[in-house]
Structure formats: structure tokens, C-alpha cells
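Structure, as C-alpha cells:
The values are calculated or read from the model by the stated rules, or taken from the named source; none is laboratory data. Because the structure is predicted, anything quoted here is derived from the model rather than measured. Neighbour counts are summed over all protein chains in view; Cβ atoms, including those assigned to glycine, are modelled from backbone coordinates with ideal geometry. Note: accessible area is taken over every heavy atom of the protein model, side chains too, but ligands, DNA and RNA are not part of it. Shrake-Rupley method; radii C 1.70, N 1.55, O 1.52, S 1.80 Å.
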Amino acid sequence: MAEPSWQISGEYMESCNCDYLCPCIYTNPQAPATHDHCYANMVFRIDAGHYGETRLDGLAFSFVIRSGKVMADGNWIFACVVDERANAAQRQALAAIASGDVGGPPGLIRTNLVNDFRGVAYKPITFSANGLERSADIPDILAFAIEGVASRNRTGNPLYIDNTAHPANRRLALARTKRLRVTGFGLDLTLTDKGNNGHFAPFAWAA
């Protein structure tokens, strides 16, 4: 079997404006979102990866999404952010992966769900993880902070939902959002202390 032309793995986090728990997750995602539009913001940290001979370890990228009432109906606004620390070859590789131009899960999203692709921006991306807490910041684009919903079994682990159709991972930690701000790509949303939905998980993609 031929080796994949690209392969990346690491950690992902997400905040969306739906009330906890986002109905998209447990309806595959056929149910209406909590509000008229779903703003879904995903940030990915690559711990190991390559595109051909170009190494991508330690870099990050992000998706900025706005769907209509039912995510599965498509007509998404979709944009990407690539870590500005990347050199020229890495930027080209990550832009191709994140935008869906070279297949994998981003390619499925772009082909099947996106109506309005707003391009790729190059910005510094901060990805922070400490216990159950996660936060991300991309200047002039988005910022959010989430906290995993702790299980009462006293292990320090969050609750999980399993066997989902989510592109990052079938098994997602459940989280609530402390703050969410989206200002990039012509979008505008600010939520504070609403306890809206969040997730985090490892991810591994290839094509």
C-alpha cells in the first residue's frame, strides 16, 4: 500500500455557540442548532506530521465555520488559519491540507458542506492546555477558553461522548465554553460566561 502523501496528528479543541450539549454531535448532525447559525471554531496543534518531505511538527492551524440552522444541510462559510511560524514550504503544505485541497477530512468538509470559502490567513496561533482547561487565541480572528466537564468518578477525567461522526475524532471530551470571540473573515460573535458547547480530543488525519 502506498504511503500517504500527508499525515498529521496531535490535539484539537473547539468552541461553538450552541448551548451545551451541541445537538449536532448526537444527531449526526441532523437537528437544528441552538441558534439561527452555528459558529464552530476548531484549533489543531500538530505534534507530528509531514506533507511529502516537509515536516509539520509543532505547528498549528484552525477552522472558522458558520453554518445555517442544520449543519448537515451545508451552505457553510468556511475559512482557515495557518500558523505564521511556518516557513514557506510549511505554509504551502498546511494551507493545502487545511483548505481541503489535498483531501482527507478537510477535503470532505470542503467538497460536501462549504458554499462560501473565505480563504487562508497566516497568523500566530496560541494553543494552551492545562488539565481540563483549554484556550486558543488567534489575533484579529478568534479567541476562546473551554473547560472539560469533570466526571464525578474523581479520576480527574472529563465526560466523553463516543462513536460520533465528528471529523476530529469519534471520541470527544465534553466541555463548556467560558468565553468565545470571533472577529475574522467577516464574522462577528462574542459570548462570555454562557457555558456554551466545547470539545477537545486527539486527532490523526492522512491522505
Under a 10 Å cutoff between Cα atoms, tell me which one of Thr27, Thr177, Thr155 has the largest fluctuation in the Gaussian network model of the chain. Thr155
Per principal axis, largest first, the Cα atoms of segment 35-169 extend in Å by 46, 34, 30
For each cysteine in the chain, check whether another cysteine's C-beta sits under 4.7 Å from its C-beta; list those where none does. Cys16, Cys24, Cys38, Cys80
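For the chain, what does the accessible surface come to per residue with a 1.4 Å probe? Please give it in Å². Mind showing how you got there, number by number?
On the way: 9610 Å² over 207 residues.
Here the residues of the chain average 46 Å² of exposed surface.
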Give the lysines reachable from Lys123 as a straight Cα distance under 24 Å; neighbours fewer than 8 places away on the same chain don't count. Lys178
What shape does segment 1-67 have by the C-alpha gyration tensor, where a ≥ b ≥ c are the square roots of the eigenvalues, rounded means a/c under 1.5, and otherwise prolate means a/b greater than b/c and oblate the rest? prolate
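Determine the shape class of segment 152-207: with a ≥ b ≥ c the square roots of the Cα gyration tensor eigenvalues, call it rounded for a/c under 1.5, and otherwise prolate if a/b is greater than b/c, oblate otherwise. Display every interim value, and only then the final one.
Details: a/c = 2.99, a/b = 1.25, b/c = 2.39.
Because a/c hits 1.5 or more and a/b fails to exceed b/c, segment 152-207 counts as oblate.
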Dipole of the chain, positive direction: furthest Cα of Ala206, Leu189, Leu21, with charges on the beta-carbon: Leu21
Summing -39500 (n - 2.57) over every DSSP H run of at least 4 in the chain, dividing by its residue total and rounding to the nearest 500, the 222 nm mean residue ellipticity is -3500 deg cm²/dmol
On the full set of protein chains, 1.4 Å probe, figure out the accessible area of Tyr122 and give it in Å² to the nearest 10. 90
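Within 10 Å of each candidate Cβ there may be at most 15 other Cβ atoms; applying that plus a DSSP loop requirement, which GluC sites (Glu not before Pro) in segment 1-97 survive? List each step's numbers first, then the result.
Values: sites: Glu11, Glu14, Glu53, Glu84; in loops: Glu53, Glu84.
Here the GluC sites (Glu not before Pro) that fit, given the DSSP loop and packing criteria, are Glu53, Glu84.
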With every protein chain kept in place and a 1.4 Å probe, the residues Ser5, Ser135 fall, from largest accessible area down, as Ser5, Ser135
